[in-house]
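Structure record follows, encoded as structure tokens.
What follows draws every value from the coordinates through simple rules; no lab data is involved. Predicted model only: the values in this text are computed from it and were never measured. Cβ atoms come from the backbone with ideal geometry, glycine included; neighbour counts cover every protein chain shown.
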Amino acid sequence: MIDRFERNINNMRISITQQCNLDCFYCHHEGEKNEGAGVENGHLTPPEIEKITQIASQVGIQKLKITGGEPLLRKDIVEIVKRTAKHMKEVSMTTNGVLLKKYAGALNGAGLKRINISFDALDPTTFQRITNKEFFYEVKEGIESAICAGLYPVKLNMVILKGVNDKDIQVAMDYASEIGAVLQLIEFEGSKEESGNSIFKKHYLNLRDWENWLKSRSVEVRQRRMHRRNKYILPSENDGKAEVEIVRAMHNSEFCQNCTRLRVTSSGELKPCLLKNDNLINIIGPIRKGASDKELKDLFEYAILKKEPYWRA
């Protein structure tokens, strides 16, 4: 479906829990206000998640990303993937990787196509500083398990935090190249309200210089349709190649102008924008009251028409 700004809204993120087994100090909780919030009568069930996905496919959404919190904390995660994969061309997931060793093979068998794994630190000390947990080695094992299971491409999400992990970017590039993963360098995100707080000011690092560095050394540059994001292909020390993307999501009107994503919160609301909470549309209530597919489709179309760029040129 085309929105008011002539963007084809063709992908969706659905948060299936706000629970997490890490405590990263920078986390934005998928734009949900209340940490740990959820549906009044428990989580969205697998049939409810499938219904949302089925209706989404009817308005032209073809790709689904399952998120949290930490989605692997759901014991029914494999069922959720299997149900949603029936309605989407591609189902992917973002995870912190702590439990991934246990689930990687089953997720691939259920229809998961690819996976994004948060990996902000290349050593246990920095990992604990960021996450407040000691799961560094579990995450590394999860990354390796995902690659062995054939979840390709595996993308490593590294949020760059000035004074914390910004000195480890080259090490992260070498590691990603060595294991055959794509590295995504992500700018620390913040809303207009959050951009003045002390944590943001202390740790925000503009990645423009790094992008120029990558551009000058790359042997190939590919542009992803989503947000017009560039992927840089560089030669690596192990005679292979390093694939690196820069995710400059906020304070960047180009990102918003090219956003083709709709979100669903863990409490069952359609969310047109990550950084806005004043235009949510309840979808789970009508589903539980037996609304028709036509009524549910109308809610999706209304949510898409409410989308507008948060950051404007």
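Against the chain, whose longest principal axis is taken from its Cα atoms, helix 100-110 shows a tilt of about 50°. The calculated FRET efficiency for ASN206 paired with LYS241, based on their beta-carbon distance and R0 = 22 Å, is about 0.25.
Relative to the current alpha-carbon distance between GLU301 and GLN62, full extension at 0.36 nm per residue lengthens the span by 84.5 nm.
Give the percent of DSSP beta bridges with both residues in region 11-305 that are antiparallel, rounded to the nearest 5. Taking every DSSP beta bridge with both residues in region 11-305, the antiparallel ones total about 30 percent.
Compared with the dominant principal axis of the Cα atoms in the chain, helix 208-217 is inclined by about 60°. Label point of LYS89 set 7 angstrom out along Cα-Cβ; within region 51-73, amide nitrogens under 19 Å from it belong to 53-66. If you plug the beta carbon distance of ILE233 and ASN258 into 1/(1 + (r/R0)^6) with R0 = 25 Å, you get a FRET efficiency near 0.70. If R0 is taken as 25 Å, the Cβ-Cβ distance between TYR26 and GLN170 corresponds to a FRET efficiency of 0.70. Extension gain, LYS294 to ASN8, is 100.9 nm, computed as 0.36 nm per intervening residue step minus the present C-alpha separation.
Take each peptide in 137-147, 210-220, 118-128, count the other Cβ atoms within 10 Å of every residue, and average; sorted highest first, the result is 137-147, 118-128, 210-220. With unit charges on the beta carbon (Lys/Arg positive, Asp/Glu negative), name the residue among THR126, LEU270, SER236 whose Cα is farthest towards the positive pole of the charge dipole of the chain. The one lying farthest along the dipole's positive direction is LEU270.
Using a Gaussian network model on the chain with a 10 Å cutoff between Cα atoms, which of ASP76, ASP278, ASP166 fluctuates the most? Of ASP76, ASP278, ASP166, the Gaussian network model singles out ASP278 as fluctuating most. For region 11-305, the Cβ-based charge dipole about the Cα centre amounts to some 800 debye (Lys, Arg positive; Asp, Glu negative; other atoms uncharged). Exposure proxy shown here: for TYR103, TYR175, the number of other Cβ atoms within 10 Å sets the order, fewest to most, as TYR175, TYR103. Normalised Debye scattering of the chain at q = 0.11, 0.13, 0.15 Å⁻¹ gives log10 I(q)/I(0) of -0.68, -0.97, -1.33, counting only Cα atoms as equal scatterers and leaving out solvent. Among the lysines, which have Cα under 23 Å from the Cα of LYS294 when same-chain residues fewer than 8 positions away are ignored? List returned: LYS51, LYS63, LYS86, LYS89, LYS271, LYS306, LYS307.
With both labels modelled 7 Å from their Cα along Cα-to-Cβ, the ASN277 to TRP213 distance reads 3.6 nm. Working from Cα positions, state the angle (0 to 90°, nearest 10) between the long axis of helix 46-58 and the longest principal axis of the chain. Approximately 90 degrees, to the nearest ten. Calculated on the alpha-carbon coordinates, the convex hull of region 57-197 measures out at 129 cubic angstrom per residue.
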